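Remarks on the structure that follows.
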Amino acid sequence: GHKETQHQVLHIRVLRADGLKKVDTVGWADGYVVIKANGTKVGKTKIKKNKKAPVWDETFDVDIHHGHVDLTFELYDWNAIAKHVFLGMVKIDANEAAAHYDHHNVKFELQKNPSLKEKKNRHVQGNLYLSFAVMTDQEALEDSHRELADTISEFETIQKSSRLQNLQRRLSVST
């Protein structure tokens, strides 16, 4: 078939986390996620400050070469001075990931990192929510354009509604 020859992209959405452990004495974790494919860092999310249940909702694209990708998602608590605290990881090998393709909002329990000392793993608790979709390059491109278009129309809607409110305010003043 023609489709197999097209380059495929795994579209990963890092949605959110919950049930995280309170690491600091003050407030909640400043959580961020590092994404790795076959051990190579492909990206990281923004830092969500002081959130018990951080929401990132960020998309990352990973090339699928011959269908074998080991994905790792490592969650950390960002610290300005001290070392960033490990909060858990989710490891999905390619075959497992294949089972989650075209699934949305899949819940994964955060796991300890076996290569870390126990002391470093002591804060691991909670869940990470991910979505997966497989697309060809073309589809991925169209999808990101669509997302951009959605963002723009959302913005325009907000602008319109605030203009409307101003109008209503002016009208109520004049009556």
Practice problem: Determine the pairs where a residue that is in contact (Cβ under 8 Å) with a residue 40 or more places away in the chain and within 18 Å of GLY88 (Cβ to Cβ), located within segment 10-31, has a partner that is of a type in the set (Ser, Thr, Tyr) and surrounded by 18 or more Cβ atoms within 10 Å (Cβ to Cβ) with Cβ atoms under 6 Å apart, the partner being 6 or more residues away or on another chain. | Solution: VAL14/THR45; LEU15/TYR129; ARG16/TYR129
Quiz item: For segment 109-129, how many residues meet the condition of being modelled with pLDDT under 95 and under 16 Å from ILE92 (Cα atoms)?
Solution: 1
Practice problem: Provide a single number: the residues in segment 109-148 that are hydroxyl-bearing (Ser, Thr, Tyr) and within 18 Å of the chain's Cα centre (by Cα). | Solution: 3
Self-check item: Hits in segment 12-31 - residues which are assigned to a strand (DSSP E or B) and open to solvent by less than 20 Å² (accessible area, probe 1.4 Å)
Solution: ILE12, VAL14, ALA17, GLY31
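Using the structure shown, decide if ALA97 is touching a residue at least 24 places away in the same chain (Cβ under 8 Å) and over 22 Å from GLU139 (Cα atoms).
On the way: touching a residue at least 24 places away in the same chain (Cβ under 8 Å): yes; over 22 Å from GLU139 (Cα atoms): no.
No; evaluated as a whole, the condition is false for this residue.
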Quiz item: In segment 32-112, which strands (runs of 3 or more DSSP E) lie fully inside it and hold 2 or more residues that are surrounded by fewer than 17 Cβ atoms within 10 Å (Cβ to Cβ) and touching a strand residue (DSSP E or B) at 6+ places or on another chain (Cβ under 9 Å)?
Solution: 40-44, 55-63, 103-109
Quiz item: Can VAL33 be described as within 11 Å of LEU128 (Cα to Cα) and touching a Ser or Thr at 6+ places or on another chain (Cβ under 7 Å)?
Solution: yes
Exercise. Can you tell me which residue within segment 123-175, out of those that are without any contact (Cβ under 8 Å) to a residue 60 or more places away in the chain and among the small types (Gly, Ala, Ser), is most open to solvent (accessible area, probe 1.4 Å)?
Key: SER174
Practice problem: Could you tell me which of the residues ASN113, ASN121, ASN79 is in contact with a Pro (Cβ under 9 Å, 6 or more places away or on another chain) and at negative phi? | Solution: ASN121
Practice problem: Check segment 104-122 and report whether any residue there is of a type in the set (Asp, Glu), over 22 Å from LYS21 (Cα atoms) and free of Cβ contacts under 8 Å to residues at least 12 places away in the same chain. | Solution: no
Quiz item: Do any residues in segment 38-51 that are at negative phi have Cβ atoms under 6 Å from those of residues that are assigned to a loop (DSSP other than H, G, I, E, B) and open to solvent by 60 Å² or more (accessible area, probe 1.4 Å), where the two are at least six apart or on different chains, and which pairs are they?
Solution: ILE47/TRP78; LYS51/TRP28
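The values are calculated or read from the model by the stated rules, or taken from the named source; none is laboratory data. Computed from a predicted model, the values in this text were never measured in an experiment. Backbone-built Cβ (ideal geometry, glycine too); neighbour counts: all protein chains shown. Accessible surface is based on the protein model in full, side chains and every heavy atom, while ligands, DNA and RNA are left aside. Shrake-Rupley method; radii C 1.70, N 1.55, O 1.52, S 1.80 Å.
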